[in-house]
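See structure below.
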Amino acid sequence: MKPYDAIIVGGGHNGLVCAAYLARAGKRVLVLERRDRIGGAAVTEEVFPGFRFSVFSYVVSLLRPEIIRELDLPRHGLHVLPLESTLTPLPNGDYLAQWNDHDQNRRELARHSLRDAEAYDDYGRRMHHMARAVKPLLAMAPPDPASLHPRDLLGLAGLGSHLRGLGRERFHELCRLMTMSSADYLDQWFECEPLKATKSASGIIGTLAGPRSPGTAFVLLHHYMGELDGVFRAWGFAKGGNGSVSAAIAAAARSFGAEIRTSAPVERVLIESDRAAGVVLEGGEEIRARRVASSADPRRTFVDLVGEKHLPAEFVAAIRRYRFRGSSAKVNLALGELPRFRCLPQPGAHLRGAISISPSVEYLERAYDQAKYGEFSQRPYLDMVIPSLLDPSMAPPGKHVMSIFVQYAPYRLNGGWTDARREAFGDTVIDTIAEYAPNLKSAILHRQVVTPADIERTLGLSEGNIFQGELSLQQMFFLRPAVPWARYGTPIRDLFQCGSGTHPGGGVMGASGRNAARAMLEQGV
Amino acid sequence: MLKTTPFHPRIAPLCASQAWRRWSGHVVASSYDLSHEREYHAIRAAAALFDISPLYKYRVRGRDAARMLDHVVTRDVVRAAVGQVLYTPWCDSAGKVLDDGTVARLDETTFRMTSADPNLRWLESCALGLDVSIEDISDATAALALQGPNARAILEQASDADLAALKYFRIAQARLGSVPVTISRTGYTGDLGYEIWLEAANALEAWDALIAAGSGYGITPAGMLALDLARIEAGLMLIDVDYVSARKALIDSQKSSPFELGLGWAVDLRKERFVGRAALADEARREAQWQFVGLEVDWGSLEALYRDVGLAPQLPGAAWRASTPVYSGSGQVGYATSGGWSPLLKKYIALAHLQGASARVGTELEMEVTVEHRRKRAAARVVPRPFFDPERKRA
């Protein structure tokens, strides 16, 4: 059989995006997915009869607008329903709500702090400028400032003139953003604790770091990107759950002629004369291709699928040092009735957005302290959504599903993750919410707890890290996953990386897959 | 939800049109009747009553209050007399306008400042180390504007103020019925008029007293559509419509200096220090890049454009606020930001930002108009602002 132009290992959203772009360029592409379904961490599963869950990733915020446009994802079924608010219930029975509507938001913030209500707009504009400043970085292979290769020099020259164009003030701001902790950064604007905490939480997601850890401010910005392209409004909940994001990308890829095989676990990359020549599936089937791209994380790709013997020792060492340290978990609930929060007991608009348990920066930092020493947080940070309020097809009529993102649940739990520890952890999460919504316990019909160990076992994400490696500065840009292989290439000829373990990193963003496809096409796949 | 003003219980039943709009997070009436026409004419022929409570209001008090405000705004606050009101812009350190509003000196050490946007944080950051307290009294203070030729007669009936002695841009303390109020001879219509400031709790009593006293003088509650036309006739600019606050501008070219907004008269460079002074002193030595001017659209030219398609001229009955290109020959020399048909002056007028030489009064230009779905240009001439400036305003 004629070899494929490219085989993509892994049918997560980045693998599918990469395949779609290659197929769109006329290449013969095969995607191989280990599980019986595509999507990777962007899947919708009917975990309990009638109740559908975005089991892992659960919102759409960072999916690149150019991918939506170029792959025409709305035509292939993507429909993003807006999440319009963030509710932070407080232990004293009050709450802080952030609304999309400017006037409504200002009025609510002014209830807590007139100064913060004013600062909110300034902060928003500053982040808008900062997001604009780094946005061009997202769509480029990151140039290595220490390299003398013409392509790096060219990239740097472009980047340099872009940064100079920012002006002194914004450049200095960017430097602060790159180095500060999210709590310190937010202290420059705000005095209201729940506001600072809720905002700083986006700086710690997926990372074993607290809001006071330096470097987390930049992750705030990473999450702000989703809000930049206002016209796309690509911030919200995908109708049908995040599996429908993967389904839309897969449909686009198929429309360009890509083949997608599920239940096709790749055992290893076939390496002949120091170049990738295809893959070998578990069971021995050999499939040949001119190029192979792996959307698995760097450890899976290089240690498991390639094998250390084919790689330079220092590169293997760098990959081994690359930090995963999964720290996030999910709890998915099937509910017989809506939770009634003490602060706002009636059903209403506040339940149709995100609900965040983040009453103060100290609360988050204490949650981190426990994780730092190998325990899950006794009172964790929670980010909840009730998708059935936005898309009734997620649950039987009158019933609801609730998705709870939890941090911190360290992968390296003292004593390890066992079934008993998983359930104890689930209880902790439910107890935490019940302090704010006392009817929750009696409303629960079913409960699914997903720990970092479960994420690793089910999806193959090393140490259960949802971003295929922490978004910390020492492994961002030209350092992701390791120099000098941070431009989607690898030490093995014709083997590429296209997962979130490459620049610009995680979130259901798709930028890695798109950038990798471009790098492959430039090299004449 | 949006806030309502302290006068809402009186306004809501009168608002037959159910035409509401937002103003700084409050619901306010666009017009009470189905059309704003009667309300507009009341401004010029009788007296119109506007609820202006959504303005931001600050009480600035303390030994250094005058010094602090003097440092913030471009006009001289230190030398302002007790009882005087200053209309003034204020700038960032690059001399670009952040906001415009009024500063009223209530006594030696107490001021009331009004603004279109929230400014608490800005004022506090300018007050560091000074003996001054800044209080946001926006919600606690209700405000009404009574504007039009009969405004004085009505207020004389309704209050104990000595209005004959109250000069333009001065304040008086008085009682309206039994309600203690501050009356300032100020307004946003360019007409004889007053603004009345009071405790929010007394709002309804004050409203009722004015309506009772004014019924024989044609007092007419009026909404934002009528006010918008009147303020254009008066040549008064509106933030977010005619200019972008330097605080909100996303790019530098969206910002304006006071000189570019026709507020050079309000920049007091005799003051040694105030925010933006260095940049403004620099700019004062050059000619401003932009001028904010009045435009009058030529009737004959407009009529001809409509005649060409077989129509009589169609005039904007309500003010428009979409940026509209202004040309000189083939090149664009600026843009109009507000405009409309003045029923009083029987002229099509607009407020425009023009570059350099094209801004001189009398210059013949062209403004874009859309006639039957097609973009055309009508002749327009630069005229002095304000378009309407009756003697009674100051008399």
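Nothing in this text is a laboratory measurement; each read-out follows from the coordinates by a stated rule. These figures come from a predicted structure and were not determined experimentally. Note that each Cβ is placed from the backbone with ideal geometry, even for glycine, and that neighbours are counted across all protein chains shown.
With no other cysteine's Cβ closer than 4.7 Å, which Cys residues of chain A count as lacking a disulfide-compatible partner?
Cysteines lacking a close Cβ partner in chain A: A:CYS175, A:CYS192, A:CYS343.
Can you check what the net charge comes to around B:GLY129, using other residues whose Cβ is under 13 Å from the Cβ of B:GLY129 (Lys, Arg +1; Asp, Glu -1)? List each step's numbers first, then the result.
Working: positive: B:ARG63, B:ARG67; negative: B:ASP64, B:GLU124, B:ASP131.
So the environment of B:GLY129 carries a net charge of -1.
Quick one: grab Rg to one decimal and Dmax as a whole number for region A:122-233, Cα atoms only, in Å.
Looking at region A:122-233, its Cα Rg and Dmax stand at 15.1, 49 Å.
How high is the FRET efficiency between B:VAL309 and A:GLU66 when r is their beta carbon distance and R₀ equals 51 Å, given to the nearest 0.05?
So the FRET efficiency works out to roughly 0.75.
Scan region B:196-303 for chymotrypsin sites (Phe, Trp or Tyr not before Pro) in coil per DSSP, keeping those whose Cβ has at most 12 other Cβ atoms within 10 Å, and list them by number. Walk me through the numbers before you get to the answer.
Working: sites: B:TRP197, B:TRP207, B:TYR217, B:TYR243, B:PHE259, B:TRP265, B:PHE274, B:TRP290, B:PHE292, B:TRP299; in loops: B:PHE274.
Passing both the DSSP loop test and the Cβ count: no residue.
Can you sort A:HIS446, A:HIS76 so the residue with the fewest Cβ neighbours within 10 Å comes first? Don't skip to the answer; put the middle values down first.
Details: A:HIS446 14, A:HIS76 18.
Final ranking by Cβ density, sparse to dense: A:HIS446, A:HIS76.
In whole angstrom, how long is each semi-axis of the equivalent ellipsoid of the protein assembly as shown, when you take the square root of 5 times every eigenvalue of its Cα gyration tensor and sort them from largest down? Please list the in-between numbers first.
Numbers: eigenvalues 701, 207, 140 Å².
Semi-axis lengths for the protein assembly as shown are 59, 32, 26 Å.
Report the gain in length on full extension from B:ILE137 to B:MET1: 0.36 nm times residue separation, minus Cα-Cα distance, nm rounded to one decimal.
Working: separation 136, 0.36 × 136 = 48.96 nm, distance 2.06 nm.
Gain on stretching B:ILE137 to B:MET1: 46.9 nm.
Using r as the Cβ-Cβ distance of B:LYS167 and B:ALA12, and R0 as 30 Å, what FRET efficiency do you calculate, to the nearest 0.05? Mind showing how you got there, number by number?
Working: r = 36 Å, r/R0 = 1.20.
It comes out at approximately 0.25.
At what distance in nm do the modelled label points of A:ASP121 and B:GLU364 sit from each other, each positioned 7 Å from its Cα along Cα→Cβ?
In this crude spin-label approximation the distance works out to 4.3 nm.
In whole Å, largest first, what are the principal axis extents of the Cα atoms in chain B?
The Cα atoms of chain B stretch 62, 53, 43 Å along their principal axes.
Taking amide H positions as placed 1.01 Å from N in the peptide plane, with prolines and chain starts having none, which residues 5 or more places from A:LEU62, or on another chain, fall under 5 Å of its amide H?
Excluding prolines and chain starts, which carry no amide H, the hits are A:VAL508.
Which parts of region A:461-503 would a label at A:MET178 reach, counting a residue when its backbone N lies under 11 Å from a point 7 Å out along Cα-to-Cβ?
Backbone N within reach: A:477-478.
So how strong a dipole does region A:122-233 carry about its Cα centre when Lys and Arg Cβ are +1 and Asp and Glu Cβ are -1, to the nearest 20 debye? Don't jump to the answer; show the numbers that get you there.
Working: 13 positive and 11 negative charges, 50 e Å.
So the magnitude is around 240 debye.
Using the 2.2 N^0.38 Å rule of thumb for compact globular proteins, work out how region B:186-245 stacks up: its C-alpha Rg over that value, please. Please list the in-between numbers first.
Values: Rg = 14.2 Å, N = 60, 2.2 N^0.38 = 10.4 Å.
Taking the Cα Rg and dividing by 2.2 N^0.38 Å, one obtains 1.36.
Treating only the Cβ of Lys, Arg, Asp and Glu as charged (+1, +1, -1, -1), what charge dipole size does chain B show about its Cα centre? Round to the nearest 20 debye. Don't skip to the end; give the middle numbers.
Details: 46 positive and 47 negative charges, 83 e Å.
In debye, rounded to 20, chain B gives about 400.
Where the centroid of each part is defined by its Cα atoms, how far is region A:382-451 from region A:112-128 in Å?
Going from one Cα centre to the other spans 32 Å.
DSSP loop trypsin sites (Lys or Arg not before Pro) in region B:120-200 with at most 16 other Cβ atoms within 10 Å of their Cβ, which ones?
On the way: sites: B:ARG121, B:ARG152, B:LYS167, B:ARG170, B:ARG175, B:ARG185; in loops: B:LYS167, B:ARG185.
Those that pass, being in a loop and sparsely packed, are B:LYS167.
Work out how much length B:LEU345 to B:LEU250 would gain on full extension: take 0.36 nm times their residue separation and subtract the Cα-Cα distance, in nm to one decimal.
My answer for the length gained is 30.5 nm.
Determine, for B:LYS346, A:LYS196, B:LYS376, the number of other Cβ atoms within 10 Å of each Cβ, and report the residues in order from fewest to most. Spell out each step's value before the answer.
Numbers: B:LYS346 8, A:LYS196 23, B:LYS376 18.
Result, fewest neighbours first: B:LYS346, B:LYS376, A:LYS196.
Can you list the HN-Hα couplings for region A:494-508, worked out from phi with the Karplus curve (6.51, -1.76, 1.60; θ = phi - 60°), rounded to whole Hz and with x for Gly and Pro?
Taking θ as phi minus 60°, the curve returns 6, 10, 10, 10, 9, x, 5, x, 10, 4, x, x, x, x, 6 Hz for region A:494-508.
Among DSSP beta bridges whose residues both lie in chain B, state the antiparallel percentage, nearest 5. Provide the component values of the computation, followed by the final result.
Working: 88 of 93 bridges.
In chain B, approximately 95 percent of DSSP beta bridges are antiparallel ones.
For the pair A:ARG323 and B:SER178, what calculated FRET efficiency results from E = 1/(1 + (r/R0)^6), where r is the Cβ-Cβ distance and R0 = 45 Å, to the nearest 0.05? Walk me through the numbers before you get to the answer.
Values: r = 72 Å, r/R0 = 1.61.
For B:SER178 and A:ARG323, the calculated efficiency is 0.05.
Can you grab the distance from the C-alpha centre of region B:294-360 to the C-alpha centre of region B:114-148, Å, no decimals?
36
Tally the DSSP beta bridges in the protein assembly as shown and give the antiparallel ones as a percent, rounded to 5.
Values: 135 of 159 bridges.
Around 85 percent of the beta bridges assigned by DSSP in the protein assembly as shown are antiparallel ones.
For region A:290-366 and region A:43-59, what is the separation of their C-alpha centers, rounded to whole Å?
16
Quick one: which of B:LYS3/B:LYS57; A:LYS199/B:LYS96; A:LYS135/A:LYS196; A:LYS239/A:LYS399; B:LYS167/B:LYS393 span more than 19 angstrom between C-alpha atoms?
Correct reply: A:LYS199/B:LYS96; A:LYS135/A:LYS196.
Could you tell me the relative contact order of chain B? Use alpha-carbon pairs under 8 Å, at least six residues apart, and round to a whole percent. Spell out each step's value before the answer.
Numbers: 887 pairs, mean separation 66.4, N = 395.
Worked out over chain B, it gives 17 percent.
From the Cα gyration tensor of chain A, with a ≥ b ≥ c the square roots of its eigenvalues, which class applies: rounded if a/c is under 1.5, or else prolate if a/b is larger than b/c, or else oblate?
Working: a/c = 1.68, a/b = 1.34, b/c = 1.25.
Judged from the Cα gyration tensor, chain A comes out prolate (a/c at least 1.5, a/b above b/c).
Just to be sure I understand: with springs between alpha-carbon atoms less than 10 Å apart, which residue in B:ARG375, B:ARG231, B:ARG21 has the highest mean-square fluctuation in the Gaussian network model of chain B?
Looking only at B:ARG375, B:ARG231, B:ARG21, the largest GNM fluctuation is found for B:ARG375.
Please compute the average number of Cβ atoms from other chains found within 10 Å of each residue's Cβ in peptide B:273-280.
Working: counts 0, 0, 0, 0, 0, 0, 0, 0.
Averaged over the peptide's residues, the number is 0.
Averaged across A:123-129, how many Cβ atoms of other chains sit within 10 Å of each residue's Cβ atom? Please report the intermediate quantities before stating the final value.
Details: counts 0, 0, 4, 0, 0, 1, 2.
Rounded to a whole number, the mean comes out at 1.
For the protein assembly as shown, what is the charge dipole size about the Cα centre, in debye to the nearest 20, if Lys and Arg each add +1 at the Cβ and Asp and Glu each add -1 at the Cβ?
Approximately 1540 debye in magnitude.
Sequence neighbours fewer than 8 away in the same chain don't count; with that in mind, list the lysines whose C-alpha is under 23 Å from B:LYS376.
B:LYS346, B:LYS347
For every helix of n ≥ 4 consecutive DSSP H residues, a contribution of -39,500 (n - 2.57) applies; sum these over the protein assembly as shown, divide by its total residues, and give [θ] at 222 nm rounded to the nearest 500 deg cm²/dmol. Each step should come with its number before you reach the end.
Details: 26 runs with 263 residues, N = 920.
The per-residue figure over the protein assembly as shown is -8500 deg cm²/dmol.
If you rank B:CYS15, A:CYS175, A:CYS18 by fewest surrounding Cβ atoms within 10 Å, what's the result? Mind dumping the intermediate values first?
Details: B:CYS15 19, A:CYS175 10, A:CYS18 37.
Neighbour counts put them in this order, fewest first: A:CYS175, B:CYS15, A:CYS18.
Putting +1 on Lys and Arg Cβ atoms and -1 on Asp and Glu Cβ atoms, find which of A:LEU156, A:ALA209, A:TYR123 reaches farthest to the positive end of the dipole of region A:122-233.
It is A:LEU156, whose Cα lies furthest towards the positive end.
In whole Å, what are the extents of region A:374-525 along the principal axes defined by its C-alpha atoms, from largest to smallest?
Sorted from largest, the Cα extents of region A:374-525 read 59, 40, 24 Å.
Taking each residue in A:113-121, count the Cβ atoms of any other chain within 10 Å of its Cβ, then average. What number comes out? If you can, show how the numbers build up before the last one.
Values: counts 0, 7, 6, 1, 5, 10, 3, 0, 4.
Whole-number average of other-chain Cβ neighbours for A:113-121 is 4.
For the pair A:ALA424 and A:THR458, how long in nm is the line joining their label points, each one 7 Å along Cα→Cβ?
2.2
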